[in-house]
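One structure is given below, encoded as structure tokens.
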């Protein structure tokens, strides 16, 4: 099982690598202001309308030209957007406690977190307000375990061993390539040059791997990597609401956290928190 996961990770990383190498176009910008003192030219591009003011060599001559951006407009390139940092909540049906037989999955609420961001994006803007984007990035879920247990690697089912060691940190993590499809609506810019935005859509994820990271006075720092029976392919939905460059997000995954028959059933993940970069 671990060998199969290693092969899958190589494939996923190769795909992302090819996407990154093939990118040749820059990310679209909402507004651009260029000032050239020598030619006394100002270029202002906002909401699809480009205005060029050229005073020439003297202040007496002025030319004002308006150019409207043509839609639909495609963008494709590297990005660093939708940087999420927040909390992870795990639940079994309507119960946010631990599932029966898996009490060792009890977590510290304020230290069980989610972090993720987009690295590649391809989009089509249909007008200044509406855009559809397909992105790819990375996403981490960190479960801070309360009990002094060690999740065992390379097992057919999720297995933990009770330890006599008292851990200062006992973190159980998963890492995914996330591939969201976004539908974005944004308002026109206000007087401060800011917008309100709403972004939502489905999302799928491909498991890169899991990790147990422990810290104790007896053993020092210990890190062990494995797939830890996490679901290889997950799917869900995301929602982001923001103003300017910051906002809030919610992500919910509809299939179980762990692979079928390899961990608790009907055990799902909900993430929420702050997001930056719209």
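Values in this text are rule-based calculations from the coordinates and carry no lab data. Predicted, not measured: the structure shown is a model, and the values here were computed from it. Cβ coordinates were reconstructed from backbone atoms using ideal geometry, including for glycine residues, and neighbour counts include every protein chain displayed.
Figure legend: label point modelled 7 angstrom from the Cα of residue 168 along Cα→Cβ; residues of the stretch 207-247 with amide N under 18 Å from it are 213-224. Label sites at residue 189 and residue 100, each approximated as a point 7 angstrom past Cα along Cα to Cβ, lie 5.9 nm apart.
When each of the peptides 254-262, 133-141 is scored by the mean number of other C-beta atoms lying within 10 Å of its residues, the order from highest to lowest reads 133-141, 254-262.
In this simple spin-label approximation, residue 218 and residue 147 carry label points 7 Å from Cα along the Cα→Cβ vector, and these lie 1.6 nm apart. In the distance distribution for the stretch 71-276, Cα-Cα pairs more than 31 Å apart total 27 percent. May I ask you to list the residues of the stretch 128-168 whose amide nitrogen lies under 13 Å from a point 7 Å from Cα along the Cα→beta-carbon direction of residue 71? Taking a point 7 Å out along Cα→Cβ of residue 71, the residues of the stretch 128-168 whose backbone N falls under 13 Å are 128-132. Summarising the label geometry, the points placed 7 Å from Cα in the beta-carbon direction at residue 255 and residue 274 lie 3.3 nm from one another.
Packing here is the average count of other Cβ atoms within 10 Å per residue, and on that basis the peptides 148-160, 109-121, highest first, run 109-121, 148-160.
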